[in-house]
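A short worksheet on the structure shown next.
The values are calculated or read from the model by the stated rules, or taken from the named source; none is laboratory data. Note that the structure is predicted; figures quoted are calculated from it, not measured. All Cβ positions, even for glycine, are placed from backbone atoms using ideal geometry, and neighbour counts span all protein chains on display.
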Amino acid sequence: MSFNAKKYIESILHDYPRCDQYIDDRVKNMVQEAAEESLRNSNKDLTEKQIKEALYDGYKDPTIKDPKTWALKRDNNLAGLQENQDVINSCLAELNEKDLKTIAAVFFNNYLTAREAAEHLHVSGAKVSRVTNKFIKAVAKHKGFEL
């Protein structure tokens, strides 16, 4: 394998808690840019100030019905991020409550090491390591990687 799939999966897991906010912000920016472009194309006589006022007043591009779907079709990076989020959600749904707490402690909350997470959760370090490795393998399998 030409890259380290485990490190890639770990980076996806560390970014997971911020995915929703990033996707929402990016969709909002893309919709704003589309509305601005629509205004520019519809009326060439508008000044920059008039365009900014129209956008501030809530002008939306009338051709965009579902902003998130529209943005995902146009931005491959955003679509990949959404796919990663969907994969992680499906893998998290398969976990029991104890394993979910372990994964959250290691990847989502404070990014604890396996040893710190074990002390925090009052379990053995081996248990934390087994749970995290099993979860990483499940995510990798859903993404089509072999570990």
For Gln50, work out the one condition from (1) part of a helix (DSSP H, G or I); (2) surrounded by 15 or more Cβ atoms within 10 Å (Cβ to Cβ); (3) modelled with pLDDT under 85 it doesn't fulfil.
-> (2)
Number of positions in the stretch 1-43 that are farther than 27 Å from Lys65 by Cα and not in a helix (DSSP H, G or I) = 4
Quick one: how many residues across the stretch 126-143 are over 21 Å from the mean Cα position of the chain (by Cα), over 17 Å from Phe108 (Cα atoms) and of a type in the set (A, V, I, L, M)?
-> 1
Checklist (1) out of contact with any Asp or Glu (no Cβ under 6 Å at 6 or more places or on another chain); (2) modelled with pLDDT under 90; (3) not charged (D, E, K, R) applied to Ala34, failing item | (1)
Pairs under 9 Å by beta carbon, first residue farther than 15 Å from Arg18 by Cα in the stretch 102-116, partner of a type in the set (Asp, Glu) and part of a helix (DSSP H, G or I), six or more apart or different chains?
-> Ala105/Glu116; Val106/Glu116; Leu112/Glu119
Within the stretch 82-96, which residues are out of contact with any helix residue (DSSP H, G or I) (no Cβ under 6 Å at 6 or more places or on another chain) and either aliphatic (A, V, I, L, M) or closer than 14 Å to Thr132 by Cα (or both)?
-> Leu92, Ala93, Glu94, Leu95, Asn96
Taking the stretch 109-136 and keeping residues buried (at least 17 other Cβ atoms within 10 Å of the Cβ) and assigned to a helix (DSSP H, G or I) leaves Ala114, Ala117, Ala118, Leu121, Val128, Val131, Thr132, Phe135, Ile136
Looking at the stretch 51-71, is at least one residue among the polar types (S, T, N, Q) and either closer than 20 Å to Pro17 by Cα or under 22 Å from the mean Cα position of the chain (by Cα) (or both)?
-> yes
